[in-house]
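The values are calculated or read from the model by the stated rules, or taken from the named source; none is laboratory data. Only a predicted model underlies this, so the values are computations on that prediction, with no experimental measurement involved. Cβ sites come from the backbone with ideal geometry, for glycine too, and all protein chains shown count toward neighbours.
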Amino acid sequence: MSGFSVRESGRAKRLSIKVYPRGRVEVVVPRRTRPADVREFVEAHRGWIQKARDNFAADHLPEPFMLPRTVRLDGIEREVDVAYEPARGARTVKYRFAGGKLALSGLTTDEKLCVAALKRWLISLAKTEYLPQLRSLSAMTGLPFKKMHVRGQRTCWGSHSSSGTVSLNYCLMFLDPDHLRYVMIHELCHAKHMNHSLRFWRLVAQFEPGYKQLDKDLNSSWKKIPTWVGIY
C-alpha cells in the first residue's frame, strides 16, 4: 500500500497506525525498525486503514486545494490578505510581511514553493505572537521554561522537553485564543510533572478550570486548519 508516512519514535514499543481525518496515514515505529517490517504491517492492516478513511470521507466532504487569498488566524485575532507577485526567471518564492499584509513574490505558479513560504511566515509570526503570551503565563503560574520553539507538528499541538523547551504548533493560530492559552498552560504544567498523572491534571485545573472541554475540543480542531497547510 502506498500513500503513508513513517515516523520513528524512541517511546514506541510496537508499530501503530494513525489515520487522519483528511485521509493521511502515518505509521509510528520503534527506532531501527526494518522497512520490510513496516510494509508488512501496513499490508496486514490495509482493510482497517481503508475503513477508517471511508468513515472520515462519509463525515467530511473532501476539500479542494487552493492557495489562500486571505489567512484567518482566530487564535491571535488577525486576518491577513495575501498577494501573489510573479517574477520572471525566479526559481524561489519569498514572503514579505508589512502593514498587516503578506506578499509572496517569485515563482508563484509553483504551489509547493508558495506553501513553503506561507509556512515560513506562519512560523515567524507565531514566534512573535506566542513568546510574550507564554512568558506572561509562565509568570502567572510560576511554572518556568527555558526556550520556546515553533513547529508544524503533525501529531501534537505542543510539547515540553526535559531540558525546559516548550514547542508549540503554529497551527494553534487557526484555533481560538482559549485553546491557544490552554495548550500553553498544559505545556507549562509539564515543568512540574513530565507525565499526565492525576497530580498533573490537578495542576492544570488550578490555572484552567475548563481544561476538560478544551482538551476534548482539540481532538476535532483539525477542521479549522486549512487544507493548504497540509498537516491534518
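General remarks:
- The requirement of being in contact with a helix residue (DSSP H, G or I) (Cβ under 8 Å, 6 or more places away or on another chain) and loosely packed, with under 13 Cβ neighbours inside 10 Å is satisfied by Pro144.
- Qualifying residue in segment 69-83 (condition: surrounded by fewer than 15 Cβ atoms within 10 Å (Cβ to Cβ) and at pLDDT below 80): no
- Number of the exception - Leu214 against (1) in contact with a Pro (Cβ under 9 Å, 6 or more places away or on another chain); (2) more than 22 Å from Phe97 (Cα to Cα); (3) not charged (D, E, K, R): (1)
- In segment 157-174, the residues that are in contact (Cβ under 8 Å) with a residue 24 or more places away in the chain and within 17 Å of Asn195 (Cβ to Cβ): Gly158, Ser159, His160, Ser162, Gly164, Val166
- Close pairs (9 angstrom Cβ cut-off, 6 or more residues apart or separate chains): free of Cβ contacts under 8 Å to residues at least 40 places away in the same chain in segment 194-222, surrounded by fewer than 13 Cβ atoms within 10 Å (Cβ to Cβ) anywhere: Met194/Ser162; Phe200/Met194; Trp201/Lys212; Ala205/Lys212
- Filtering His193, His186 for residues that are in contact with a helix residue (DSSP H, G or I) (Cβ under 8 Å, 6 or more places away or on another chain), within 26 Å of Glu8 (Cα to Cα), in the same structural domain as Val115 (by TED's automatic domain parsing) and crowded, with 18+ Cβ neighbours inside 10 Å leaves a single hit, His186.
- Only listed residue being surrounded by fewer than 17 Cβ atoms within 10 Å (Cβ to Cβ) and aromatic (Phe, Trp, Tyr), chosen from Phe200, Phe174, Phe207: Phe200
- Within segment 134-156, being in contact (Cβ under 8 Å) with a residue 40 or more places away in the chain and β-branched (Val, Ile, Thr) holds for Thr141, Thr155.
- Residue list for segment 108-131, filter: of a type outside the set (Asp, Glu), more than 14 Å from Pro68 (Cα to Cα) and crowded, with 18+ Cβ neighbours inside 10 Å: Leu125, Ala126, Tyr130
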